[in-house]
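Only one structure is covered here, and it is reproduced in the block below.
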Amino acid sequence: MASKVSEIHGNARRLVSTTVETLTETIFPGVSFNQLGEVSNGNEVVSSLPLQMVLYFSTLFFPCWMITSSVMLSLKFAYVSSLYQWVLVAVHTSIPVIEVIRLYIGHIGNLEEKVPELAGSWLLTLLLQLPLLSFLLLVPGTQSLPMDYAVNSIFLVFVLLHLAFGYRAIKNTAAHQTLLYHTSLVLSRGHGD
Amino acid sequence: MRITGLIPARFLTLTSHLVLLITILISREENVLACLPADYTQQQYKTRDAEFLGGLVAGIALTALEFIGFLTGVSMFTGLPALLSLTCHSGASVALSYMVVDVWDCHLYWWVFGLASVLPAVVEVLVFVNVLMLKKNV
């Protein structure tokens, strides 16, 4: 009688765990243990080279963007409407602050393979830099000068490349870290027994 | 010889040349007017404008070619070609800035194009051939 109860318990637990695992795999693909080995072996560096190049060249390009944008803003400031004067000053103050934070934590996240920093930098890029730069390029009220168009377009290209390569880097790094975590659990349990 | 200092310099001069080409592309009207006689016809304006536009687009295409070669790593770590590209593109940046501010003739653009867009692009293609086909990596 007791063995039958424990058998039912075992079956129920297996059913629940397989259901949860199938659900998790459909909602969050790539998290289950047997899929993690596709990305890395657990003993290699998964910092993304394309992302590192994008961050490095973004860091080099940012002072040029800052100087060019400030000069263009000071030249056209008298000719934009008063609403856009406020808007342009706000945008040109917030973009450098966000940019410095985004590039710094992006560097830290990529070189030390930390997912929170990588994801934070990616979110800053997607939710803040992309709308702000698109606003500067597309809204006619900002009276964009030709040089404005040129430097903002190049900046936008860097932002889009960061979004593309950063997404892949986050997926790979997260899978790598999960694999390391699972492996460390197995090893510690083996030692504990 | 330490080469790694050339990479930021080359990237920045390439970018500045590209930025100036795009700027002139958008605001080329005054330069075209500068190379027409005082009593120009609309037809003359259109031909000169089309020539200038073609030259600018060709300059952008060659710069994009160099960018691709540089960013994919094929010519990122070469010594002499990088130095040549550096000098050509910085010279072009200065000349194109003068072209915008002093409203130069659109004829003078062809000198800038020949010396500072075609020359580095030819060297870049030679580096491509060296690295990709003759397998002479740096």
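The values are calculated or read from the model by the stated rules, or taken from the named source; none is laboratory data. Owing to the predicted nature of the structure, the values given are computational and were not obtained by experimental measurement. Reconstructed Cβ throughout: ideal geometry from the backbone, glycine too, with neighbour counts over all protein chains shown. These accessible areas exclude ligands, DNA and RNA; they are computed on the full protein's heavy atoms, side chains included. Shrake-Rupley method; radii C 1.70, N 1.55, O 1.52, S 1.80 Å.
Please enumerate the residues belonging to the range B:63-78 that are under 14 Å from B:PHE128 (Cα atoms) and either in contact (Cβ under 8 Å) with a residue 12 or more places away in the chain or assigned to a loop (DSSP other than H, G, I, E, B) (or both).
B:LEU65, B:GLU66, B:PHE67, B:GLY69, B:PHE70, B:THR72, B:GLY73, B:VAL74, B:SER75, B:MET76, B:PHE77, B:THR78
Output the residues belonging to the range A:131-164 that are open to solvent by 40 Å² or more (accessible area, probe 1.4 Å), away from every other protein chain (no Cβ under 12 Å) and in a helix (DSSP H, G or I).
Hits for the range A:131-164 are A:PRO131, A:PHE135, A:LEU138, A:PRO140, A:LEU160, A:ALA164.
Limited to the range B:29-52, what total is found for residues that are surrounded by fewer than 21 Cβ atoms within 10 Å (Cβ to Cβ) and within 14 Å of chain A (Cβ to nearest Cβ)?
2
Can you tell me which residues in the range B:95-138 are open to solvent by 60 Å² or more (accessible area, probe 1.4 Å), under 19 Å from B:GLU30 (Cβ atoms), at pLDDT 90 or above and within 14 Å of the chain's Cα centre (by Cα)?
Of everything in the range B:95-138, those that are open to solvent by 60 Å² or more (accessible area, probe 1.4 Å), under 19 Å from B:GLU30 (Cβ atoms), at pLDDT 90 or above and within 14 Å of the chain's Cα centre (by Cα) turn out to be B:TRP110, B:TRP111.
In the range B:1-28, how many are within 11 Å of chain A (Cβ to nearest Cβ) and loosely packed, with under 15 Cβ neighbours inside 10 Å?
2
Condition test on B:VAL57, is it β-branched (Val, Ile, Thr) and more than 28 Å from A:VAL54 (Cβ to Cβ)?
no
Kindly indicate whether A:TYR56 is within 30 Å of B:GLY73 (Cβ to Cβ) and among the hydroxyl-bearing types (Ser, Thr, Tyr).
Considered against the rule, which asks whether it is within 30 Å of B:GLY73 (Cβ to Cβ) and among the hydroxyl-bearing types (Ser, Thr, Tyr), A:TYR56 comes out as yes.
What's the total number of residues in the range A:36-90 that are within 16 Å of A:ALA169 (Cα to Cα), within 14 Å of chain B (Cβ to nearest Cβ), surrounded by 15 or more Cβ atoms within 10 Å (Cβ to Cβ) and aliphatic (A, V, I, L, M)?
Total satisfying the criteria: 4.
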